[in-house]
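Each remark here refers to the structure printed beneath this line.
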């Protein structure tokens with residue numbers, strides 16, 4: 001199994017390799033800054049020793065001028081390094097966001113059934129935000145601070161081995177202590193990130209259902225749930241911060257021990273004449289120099305702990321793999337598609353003992369319309385999901401024009417099958433993009449022709465910028481206009497099979513007539529499966545199939561079943577299908 005270190009290294013290599021030039025420049029800038037930071041104290045020692053031995057004013061002024069020049073150069077290097085680091089970070093994290101979003105879209109419906117959209121947003125955006133510093137300056141800066149610490153220790157060893165040994169031992173003790181804390185605190189940060197994801201997942205769900213929550217008097221319950229989730233997040237934060245206190249106090253202890261060692265050893269060496277005043281100053285200066293990097297290392301370790309928690313969650317998400325294996329590709333032919341189910345059975349992973357479909361078998365010839373009836377939970381929606389390969393049958397096979405749909409690519413299937421449901425998803429984009437689903441190759445003339453055919457020409461002519469007019473999501477159109485736009489989408493895709501889930505059930509009679517006309521045009525020359533709840537929709541079907549508890553209890557020609565007093569369909573017509581299907 002891949003170790004954490006390998007995971008971090010793989011992600012860094014994946015998203016920093018395309019920027020290797022900028023990463024190398026960032027590393028050079030930081031190393032250059034370290035060199036200047038180590039050089040400046042040497043100039044101070046030279047200044048002090050020159051003044052003590054009676055050096056000339058020109059020598060002192062020269063040392064001071066060099067000191068100031070190096071200080072200015074170091075600040076300039078830091079500014080450039082910050083700019084380059086931010087560019088590296090945003091480029092890497094944006095690429096990671098895009099990969100995570102694409103990965104989530106490829107995962108099966110069973111995954112999305114378990115994970116709420118708000119939780120996934122927090123993973124794709126929230127966790128990646130925590131990695132911005134990790135991808136830019138964190139690793140390089142952490143390495144450069146460790147390099148600075150090593151450089152300071154080397155110079156202290158050069159001054160006196162006793163001083164170097166004492167400060168080295170203190171530093172090693174701090175590193176061992178910090179590593180021990182790090183192993184314990186990372187799981188706590190992971191717990192915090194998970195509690196935040198859970199909170200945001202529920203918030204997204206509640207905000208989407210605000211109207212139902214308020215109308216049904218569930219506000220008090222939701223606020224209570226919000227309080228519990230917020231408290232769980234606070235407890236997770238407190239759990240992580242309790243250990244973080246020990247991290248924060250570490251530098252105070254280390255610097256106290258280092259200054260004590262410097263005072264004791266420095267005083268002894270000066271009295272013995274082994275070191276000059278400038279050298280004694282250099283010892284304290286270098287201890288003070290590493291104070292900033294050590295504090296920064298500790299902050300970076302905290303950032304690294306948080307990044308590690310986010311990296312683990314990102315890696316876990318990337319490790320999720322779709323169970324639907326894409327086919328190699330198959331020729332489904334052109335025009336209307338024939339549909340066959342060969343003893344198809346299916347159950348959802350969270351309810352294996354309750355089959356959603358059981359031994360479903362039927363054949364629908366190309367160009368025919370099937371009316372699919374059944375009570376809620378009878379398996380109608382499940383069957384349409386299998387057609388799109390959102391799931392694969394537990395047993396049996398579904399074929400289109402005699403080709404097993406598992407042999408075709410998912411892209412081929414979704415180009416040849418169109419779907420219109422009661423709920424139409426509109427995007428915050430232009431009318432053109434909403435109609436073509438972001439296909440820039442679709443000519444405007446074809447789009448306007450389809451808009452005319454479905455009855456939306458008057459609406460389009462009334463828009464200020466025509467096809468370029470932006471739509472503000474689902475609230476920009478009436479329910480009828482949204483349904484007609486969904487029909488236009490299917491027209492533009494020109495599929496061979498259309499699945500309609502009672503597209504006109506929520507419309508007023510006038511708008512329903514427009515939708516019915518559009519439906520008539522849409523079904524011409526195409527195979528269709530209509531998930532029906534209303535008598536008017538069923539009348540256009542050539543065949544009727546009734547499901548009950550996942551099984552086909554009746555299938556045949558609509559006219560024959562309607563005339564057969566012993567058929568289930570005849571009984572539905574007599575009792576009123578809407579009431580019987582409730």
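At 20 °C and a viscosity of 1.002 mPa s, what translational diffusion coefficient does Stokes-Einstein give for the range 339-580, taking Rh as the Kirkwood radius over Cα pairs? Give it in µm²/s as a whole number. Walk me through the intermediate numbers first.
Working: Rh = 19.0 Å.
Estimated via Stokes-Einstein, D reaches 113 µm²/s.
Give the separation of the Cα centroids, the range 76-98 to the range 341-365, in Å.
51
By counting other Cβ atoms within 10 Å of each Cβ, how are 467, 169, 120 ranked from fewest to most?
The fewest-first ordering by Cβ neighbours comes to 169, 467, 120.
Rounded to the nearest Å, what's the spacing between the alpha carbon centres of the range 214-245 and the range 390-439? Just the number, please.
So the two Cα centres are separated by 39 Å.
Sort 227, 263 by Cβ crowding within 10 Å, fewest neighbours at the top.
Details: 227 10, 263 13.
Ordered by Cβ neighbours within 10 Å, fewest first: 227, 263.
Volume per residue, Å³, of the convex hull around the alpha-carbon atoms of the range 318-360? Kindly include the intermediate steps, with their values, before the conclusion.
Working: hull volume 5.8 nm³, N = 43.
In the range 318-360, the Cα convex hull volume per residue is 134 Å³.
Please arrange 459, 90 by how many other C-beta atoms lie within 10 Å of their C-beta, fewest to most. If you can, show how the numbers build up before the last one.
On the way: 459 16, 90 13.
Sorted ascending by nearby Cβ count, the order is 90, 459.
Read-outs throughout are calculated quantities, based only on the coordinates presented, and are distinct from any laboratory measurement. All of these numbers come straight from a predicted model, not from anything done at the bench. Note that we place each Cβ from the backbone using ideal geometry, even for glycine, and neighbour counts take in every protein chain shown.
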